[in-house]
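Here is the structure we will look at.
The values are calculated or read from the model by the stated rules, or taken from the named source; none is laboratory data. From a predicted model like this one, the values you see are computed outputs, not experimental measurements. FYI the Cβ positions are ideal-geometry reconstructions off the backbone, even for glycines, and counts take in every protein chain you see. Surface accessibility is based on the protein's heavy atoms, side chains included, excluding ligands, DNA and RNA. Shrake-Rupley method; radii C 1.70, N 1.55, O 1.52, S 1.80 Å.
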Amino acid sequence: MSSRVEKQPGPDHPIAIEPCADRIVAKVAGHTIADTHGALVLREASYPPVWYIPREDVDFSLLERSALSTYCPYKGDCSYYGIPAGGAEAKDAVWSYEAPYAAVEAIRGYIAFYPNRVEFLGKVES
């Protein structure tokens, strides 16, 4: 069993989480998977920003839990979901830190989408 060391965000690897005032929608195969005004934006180091969407604003009937799991030393264990309606391209398209580390506790109860695995993930006019 490997030992996991929790790392803290800092100057060499900053992580910032803030509310997003925009309406964010995710669609796959013509289905709206998520629609929210309550997203968070997570900015981590030099990675592109990620929208985290509240679970209550996601249609979980369109998702299927995946066997994939990964680990991030800054955020913790990560679980994945596929979107069957999207076919192979939407496999493991959604992720969630269900028990995130304290430094990113704000993303508990939220999920995120890989933007290249959904037809649309973005801001829309309300």
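A few notes on this one:
- Label selected from [x] 55, 45, 18; [y] 60, 27, 21; [z] 41, 36, 24, the criterion being Cα extents along the principal axes in Å as computed here: [z]
- Remark: the chain carries a charge dipole of roughly 200 debye about the Cα centre, counting +1 on each Lys and Arg Cβ and -1 on each Asp and Glu Cβ.
- Among the trypsin sites (Lys or Arg not before Pro) in region 1-84, those placed in a DSSP loop whose Cβ has at most 11 other Cβ atoms within 10 Å are 4.
- For the chain, with +1 on Lys and Arg beta carbons and -1 on Asp and Glu, the positive-most of 113, 21, 73 along the dipole: 73
- Amide H partners (placed H, <5 Å) of residue 33, local residues excluded: 26, 27, 28
- Amide H contacts under 5 Å for residue 92, placed H, 5+ residues apart: 82, 83
- Distance in nm between pseudo-label sites at residue 3 and residue 69 (7 Å out along the Cβ direction from Cα): 2.1
- Residues of the chain: accessible area per residue with a 1.4 Å probe, Å²: 56
- Neighbourhood net charge (10 Å Cβ-Cβ; Lys/Arg +1, Asp/Glu -1) for residue 81: 0
- Residues whose amide H lies under 5 Å from that of residue 101, counting only those 5 or more places away or on a different chain, are 76; hydrogens are built 1.01 Å from N in the peptide plane.
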